[in-house]
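The values are calculated or read from the model by the stated rules, or taken from the named source; none is laboratory data. Computed from a prediction, not measured in an experiment: that's the story for all the values here. Methodologically, a virtual Cβ is constructed for each residue, glycine included, from the backbone with ideal geometry; neighbour enumeration extends over all protein chains shown.
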Amino acid sequence: MTIDDNTRAEGGSGPQDREAASAGQDVAATGLATQGEMAMVPLRERVKTADAFKFAGLVGLLVLVGVILFFLRPYFSNLFEPGGFSRVLADVREAGPAGVLVLFGLQVVTHIVVFVPGEATQFAAGMLYGPWLGALIILVCCIISSAFIFSLVRKLGAPFVQSIVPVKHLARFREFEKTNKLSIVVFVLFLIPGLPKDTFTYLVPLTDMRMRDFLLLSNTGRIPGIVVSTYAASGIMEGRIWESVAIFVVAAALAVVGLFHRDKIMDFLGKGR
């Protein structure tokens, strides 16, 4: 028996076996590379799909805002002319049910374009329809537009949101969710003036909170601010100027506090984890 025979008999490998093993390793390495390349294909496809959804969502929102502004243009074409504001209010009031649709369109725009303050439509509602009916109209508008944005974000996901609003608060919301504090946090954040409520409307759908719970908590939190705005605005129309001014000053002060201390507020809400 030769040395090669002894080696093979003892489980060793001769030159042919070593060549076969080397070839097997090359095949395995080739197979691994191929699998890696194949694994990258779905990832690239997912990225492309996310970008496509993000682009489609942005285009859709821009089209929606453009359509709304186009139909509202006749009401606001003379807004900045002398006496234009009074004429706009008169035109909307005389439009009857169509005037409510005008307010609804404006409210949708302020929800979609997060840097446009929604208080403007609240003031207009108070001037046009009084404190209580005006507040009810705005609340219904908020519920509908919030439901629309919530559903859209759930379908398009995080890439779409990142192109609309800053997502620095998203990690905080997920921390609240882990500690079962998300519900109370959402209510408090929508209750406090000056906080970016429309930004939160884009971020909360990325958590596991149900739309029904979000609509209930967020819009219940909005009610005091809406009523204050419509009441103060109606007071101007009814001649209660100083009362309305005092309300506006207090509301503005609270909004400034909320705006400049929002991070501290969120830190406070997150204590006790």
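Criterion applied to 186, 153 was being of a type in the set (Val, Ile, Thr) and closer than 17 Å to residue 264 by Cα, and the one residue passing it is 186. Filtering the range 171-197 to residues that are surrounded by fewer than 19 Cβ atoms within 10 Å (Cβ to Cβ), out of contact with any Gly (no Cβ under 8 Å at 6 or more places or on another chain) and assigned to a helix (DSSP H, G or I) leaves 171, 174, 177, 178, 183, 184.
A quick yes/no check of all residues on (1) surrounded by 13 or more Cβ atoms within 10 Å (Cβ to Cβ); (2) touching a Gly at 6+ places or on another chain (Cβ under 8 Å); (3) part of a helix (DSSP H, G or I); (4) not aliphatic (A, V, I, L, M):
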{"site": "248", "(1), (2), (3), (4)": "yes, no, yes, yes"}
{"site": "259", "(1), (2), (3), (4)": "yes, yes, yes, no"}
{"site": "263", "(1), (2), (3), (4)": "no, no, yes, yes"}
{"site": "266", "(1), (2), (3), (4)": "yes, no, yes, no"}
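The residues of the range 232-245 that are surrounded by fewer than 20 Cβ atoms within 10 Å (Cβ to Cβ) and either outside any helix (DSSP H, G or I) or in contact (Cβ under 8 Å) with a residue 24 or more places away in the chain (or both), listed by number, are 236, 237, 238, 239, 240.
If the requirement is being at pLDDT below 85, on the phi < 0 side of the Ramachandran plot, part of a helix (DSSP H, G or I) and out of contact with any His (no Cβ under 9 Å at 6 or more places or on another chain), which of these qualifies: 154, 93? Exactly one of 154, 93 is at pLDDT below 85, on the phi < 0 side of the Ramachandran plot, part of a helix (DSSP H, G or I) and out of contact with any His (no Cβ under 9 Å at 6 or more places or on another chain), namely 93.
Being surrounded by 16 or more Cβ atoms within 10 Å (Cβ to Cβ) and of a type in the set (Lys, Arg) is the filter here, so list the residues in the range 198-231 that pass it. Passing the criteria: only 222.
What number of residues within the range 123-143 are aromatic (Phe, Trp, Tyr) and either outside any helix (DSSP H, G or I) or at pLDDT 90 or above (or both)? Full working, then the answer.
Here is the first cut: in the range 123-143, the ones aromatic (Phe, Trp, Tyr) are 123, 129, 132.
Then keep just the ones that are either outside any helix (DSSP H, G or I) or at pLDDT 90 or above (or both); that gives 132.
Of the residues in that region, 1 qualify.
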